Each structure stands twice: as C-alpha cells, then as structure tokens.
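**Q** To start, I am sharing the structure in question, which I have written as structure tokens.
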Amino acid sequence: MTIRILPAVGDPDAARALTTLLAGVPDAAPAPPVADSAALLDALAGAAPPDAAGPAAVEALPEVVLVHERIGPLPALDLIREVALRFPAVGVVLLTGDAGPALYSAAMDAGARGVAGLPLGHDELTARVRAAAQWAAGVRVHLGGGREAPPGPAGTLLTVTGAKGGTGTTVTAVQLALAARQAGRRVALVDLDLQSGDIASYLDVQFRRSVVDLAGIADLSGRVLADAIHDHPTGLALLLAPEEGERGEEVDDHAARQIVTALRARYDVVIADCGSQMQSANAAAVELADTALLVTTPDVVAVRAAKRQVRLWDRLRIRKAESTLTVVNRLTRHTEIQPPLIAKATGTAVAATTVPAAFKELQPCVDSGRMQDLDARSTVRAALWTLAGELGLVAASGVPRLKSGHRTRPSLTGRRRKALTAGPVPPQAAPGPAASPAPAAPYEEG
C-alpha cells in the first residue's frame, strides 16, 4: 500500500533534507512540503473534491502529516490539536529536537501519533511514518472508507516475565529463542532484566556492549544495532543487560520502544526476558508485545505474585489479564495447584504446555553456562520446545512429542484451595480433637 505523506516544514533547508529522507521510505508518496500552518489546514481541507462526502472525503486525505517543531504562525502543538480535531483519520508525527518525556506526553495529549527526534534518521522516520499510517488506515476501516492497512513491524515480539524471582524466566526465554532459531527463523534475544539479567551467564558470553549503549541514540540504524549485538554461535543475536546493574536506569520507555521497533524490523522473532521487576523499559516491551508470557510455579506464593503482576499491568494500562498467557513451570505429579486453578486465580489464559520439575537435567548446563547444550532428550527442553510450537515460533512438524510426565490430581485439599482464594496458608494445627484451622488472611492486600 502507498503511504501518502504531507510534510509541514517552514525552514527551506529542513524541508529539502526531509524530502530527501522521505524519498528513501518504502512505499511512501510524499507531497511537496507546505510552509506554514494555514497552508497545511487549507491543503487538508481541499484534499477531497468539492462533491465528495463521507468515506470518499476521508479516503482523499493523506495518511500521514509531518509537523516540524518550528512551523508557524500556529505553534506546532496547537496545529497538531487542530488537525486531530478536524481530520481524525490522519496520523500526525511531530518532528522535534526535544524528544524528552515532557514534550512526548504533550504531543500525545495534543493528538499526535508519534514523535521523531531531530536530526532525523532514515530508520526512525520510516518507523514513525509506518506506525502512523497503520493507525490511520485502521481508523479509516472503522469509518467505512479505508483501504487495507499497511503491514506493521515484520518481526514478532514475545516477552517473558516472571511472577517472582526464581520461577524460570530466563531458561524459558533462552529455550524458546533456541527453538525458534533451530526452525530457521532470525531471532534476537534481548535481556531487559536490566539490573540483574543473566542471559550472558546462561549462554557463556563475554561482552562489552549492552542495551544501555543504544539508549539515547535517535537513529538506530542497522550498523548501530550490529555494534551492540553479540552474534552467538547458536545463531542467536543477543542484546544483553549491562554488567553494572545501576546503568539500567539509562534505558527508559522511549529508548525501549525504539530498540524493540528497530529489532522487529530486522528479525523474524524478538524475545525479551523482562525479569520479574517492572521498570519503564520492560513495561514498554510488555505493552508492545504480540504475546506476553507470565511464568509462575504451582505454589501459593508464586501464584499470588502472578496475580499481583497482572493487576499491576492492568492498573498501569500496560496489558489486560485476558491478553496475558501464563506458563506453569515445575509441575509434578504431586502438585495440588493445577493450571485451571491458576487461570481462575490470575484471570489469565494458561498455556496448554506445562514444564516439568527436572532441575537435575538443567543443573550441568546452568553451572557451565551452556544452556544451548541441554540434551534433546531432556523433558524440560522438550516441554519448552513444545511451548514454542504452541506459540507459533516453531512449525508443528518440528515440535518433539511429549510423554506424559504427571497425572492431574482430581481436586485440591480444602486448605490449599482456601489459600489461593482467601490468603496465605495458615500454620498446620497440632493433631487432636480440639484442633481447628486458623482464619485465613485476605488474599490481596489493599
């Protein structure tokens, strides 16, 4: 689909530079720049023939309008607000030298669909134009006059988050990435557990560059990304967490969005290990994810933590529970808390594939830092690669068949069921005729 673009740039030099960059944007059809706010509004108002109305008038509008920060006489934010009110099916992108959080928030409040930092780079401009065009096409479909929406980012983004520390988040992310790579897909594995990420340790990597080196770079070109990415012998492209955890604060939500968008444009699959502590960077990744996994173990403490995580995402408007997929790790035949109860407690869907408790299989690979050497006969590896097939990362024909590793218990004891629905498990009373269970505490504080 052709993306029609109308630039609004008052400075002649900036207009020429922008025109040159737009010529390299795939599928773009830029119009000559307009020099001021009045000319922009007149051009939009006159885009449709005089007798056109309804969907036909909407379809005549350009998909994207680029507004330079120094446009006049109407200030840029006021102009964006006016365009959003009068032409709601047009995606507006602000071009500014101040891409800080305050201006970004003000631009979004005014109705912009994106902010691109000056000086402009080809990759960032392309990403912003395509995102705004996709949004505009979606609006036009709902209005009844839209054409087919342009394709979004090429790569699939999958995030893996732990309900709490120690639930197996990194092992899950690494094995899913290895499964996708084995299937012939180009895979980037990103460590967004910025303070305590362990992907480098699990894959025996010595590194100098990390995701922090990409923070604050406006133009994330392929060459810039290649300098920060470690090419692993398995074929995975690794973007690692910093060795000094305190540097993780340098990666904010805006930087995370830029990094993830740049990776999706170059890889078939992007898998982000988000750890268990939410910060602005990994929260942005979870929000953008095509699939967000939440890894938990089948015990009361972990399931309660999973519920808190889901509620946190909902309060912050990152992701709703129904769009989250929970993965149950370390399930055994003696486990009383089964996946259906976890689904009920968290409000999420639970993956059909569960991962058995078999740390003895993992320990040699964990201790040596060579998770890629995990035996193909390992039940943990087989389960996680089956999960990769369930998620569409691996073709069904390439997924190993799992043998039944446990049998589902028919029901929970009353004490364990009360723990999940009411609160922590009370202490076991001493045996005797006078023993009685202590009252349960509330399930969720506040």
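**Q** Label Glu246 and Ala45 with points 7 Å out from Cα along Cα→Cβ: what is the distance between them in nm?
**A** Inter-label distance under the simple model: 5.8 nm.
**Q** Relative contact order of the range 171-242, please, whole-number percent, based on alpha carbon pairs below 8 angstrom and at least 6 residues apart.
**A** RCO, the range 171-242: 43 percent.
**Q** Quick check: at a probe of 1.4 Å, how many percent of the accessible area of the range 282-399 sits on carbon and sulfur atoms?
**A** 52 percent
**Q** Something else: I need the shape label for the range 166-286. Rule: rounded when a/c is under 1.5, else prolate if a/b > b/c, else oblate, with a, b, c from the alpha carbon gyration tensor.
**A** Cα axes put the range 166-286 in the rounded bin.
**Q** Taking the Cα atoms of the range 311-355 alone, what are Rg (to one decimal) and Dmax (as a whole number) in Å?
**A** Computed over the Cα atoms of the range 311-355, radius of gyration and Dmax are 11.8, 37 Å.
**Q** How high is the relative contact order of the range 266-344, in percent, with contacts defined as C-alpha pairs under 8 Å that are six or more residues apart?
**A** Relative CO of the range 266-344 lands at 34 percent.
**Q** Stretched out fully, how many nm does the piece from Asp375 to Met108 gain, at 0.36 nm a residue minus the Cα gap?
**A** Numbers: separation 267, 0.36 × 267 = 96.12 nm, distance 4.95 nm.
Contour length minus the Cα-Cα distance gives 91.2 nm.
**Q** Let me ask another. Scale the Cα Rg of the range 216-344 by the rule-of-thumb value 2.2 N^0.38 Å and send over the ratio, two decimals.
**A** 1.21
**Q** Rounded to whole Å, give me the distance from the Cα center of the range 61-88 to that of the range 322-343.
**A** 49 Å
**Q** Okay, moving on. If R0 is 51 Å, what FRET efficiency do you get for Gln195 and Arg70 from their C-beta distance, rounded to 0.05?
**A** According to the calculation, E is roughly 0.80.
**Q** With each pseudo-label sitting 7 Å past Cα toward Cβ, what's the Arg209-Arg333 distance in nm, one decimal?
**A** Result: 5.1 nm between the two label points.
**Q** Would you give the gap between the C-alpha center of the range 178-213 and the C-alpha center of the range 241-280, rounded to a whole Å?
**A** 11 Å
**Q** Mind ranking 15-27, 233-245, 262-274 by how tightly packed they are, going by the mean number of other C-beta atoms within 10 angstrom, highest first?
**A** Listed from highest to lowest mean packing, they are 262-274, 233-245, 15-27.
The values are calculated or read from the model by the stated rules, or taken from the named source; none is laboratory data. Not measured: the values here are computed from a predicted model. Note that each Cβ is placed from the backbone with ideal geometry, even for glycine, and that neighbours are counted across all protein chains shown. Protein only, heavy atoms only, side chains kept; ligands, DNA and RNA dropped before computing areas. Shrake-Rupley method; radii C 1.70, N 1.55, O 1.52, S 1.80 Å.
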